[in-house]
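S.K.: Handing you this structure, nothing more for now.
Where a number appears in this text, it was derived from the coordinates with a stated rule and is not lab data. Source: prediction; values computed, not measured. Note that we place each Cβ from the backbone using ideal geometry, even for glycine, and neighbour counts take in every protein chain shown.
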């Protein structure tokens, strides 16, 4: 197995254990992360996001497969099964991840998932009707950003 494929495997194995510290250890200090909800996270923010999700996801179950990597890039598929705290609705989010590496660590991490599918599950009728609109996506992004900022401030995690 390529060392970067092992790194991705280690990352998701840590996620399955809800070990956000081990997840963050897979990241380069200059890491950048984005998905449909959390856009443009940098440096300490991605690790803080995983910590927040691990702590809040009481019934979170993570599975992963199809890990591939070479010297520069990698990818994997992972599924997150959890209860969305904002509504109490069950979600099965199917995610394709892309990675770039530097110095043996993940320096760029992009998660791709169908926002409309997610919003229908997480938000119910609101997601069904508005999940395809940029307006709802921006609202979710704004709420996610605010939640992460508060979490980091409460934990004394510096924002850069």
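S.K.: If I fit a long axis through the Cα atoms of helix 134-155 and take the longest principal axis of the Cα atoms of the chain, what angle between them do I get, 0 to 90°, rounded to 10?
M.R.: 60
S.K.: Using helices alone, what [θ] at 222 nm do you get for the chain, with -39,500 (n - 2.57) per DSSP H run of 4 or more residues, divided over all residues and rounded to the nearest 500?
M.R.: Computed mean residue ellipticity for the chain: -13000 deg cm²/dmol.
S.K.: Using Cβ contacts closer than 10 Å as the measure, can you line up 58, 90 from fewest to most?
M.R.: 58, 90
S.K.: Okay, moving on. Can you tell me how segment 92-148 classifies by the Cα gyration tensor, rounded, prolate or oblate, using a/c under 1.5 as the rounded cut?
M.R.: prolate
S.K.: Ok, one more. I'd like the orientation of helix 45-56 relative to the chain: the angle between its Cα long axis and the longest Cα principal axis, in ° from 0 to 90, rounded to 10.
M.R.: Here the helix axis deviates by roughly 60 degrees.
S.K.: What whole-number volume per residue, in cubic angstrom, does the convex hull of the C-alpha atoms of the chain give?
M.R.: Numbers: hull volume 16.3 nm³, N = 160.
So the per-residue Cα hull volume is 102 Å³.
S.K.: Among 72, 28, 109, which one shows the biggest mean-square fluctuation in a GNM of the chain, springs joining Cα atoms closer than 10 Å?
M.R.: Judging by the Gaussian network model, the answer is 72.
S.K.: Under the rule a/c < 1.5 gives rounded, and otherwise a/b versus b/c splits prolate from oblate, where does segment 66-116 land using the Cα gyration tensor?
M.R.: Prolate is the answer for segment 66-116, as a/c is 1.5 or above and a/b outweighs b/c.
S.K.: Among rounded, prolate and oblate, which fits segment 1-78 when a ≥ b ≥ c are the square roots of the eigenvalues of its C-alpha gyration tensor, a/c under 1.5 means rounded, and a/b larger than b/c means prolate?
M.R.: Verdict is oblate for segment 1-78.
S.K.: Oh, and also: With all distinct Cα pairs included, what does the Kirkwood hydrodynamic radius of segment 14-59 come out to in Å, to one decimal, could you say?
M.R.: 10.8
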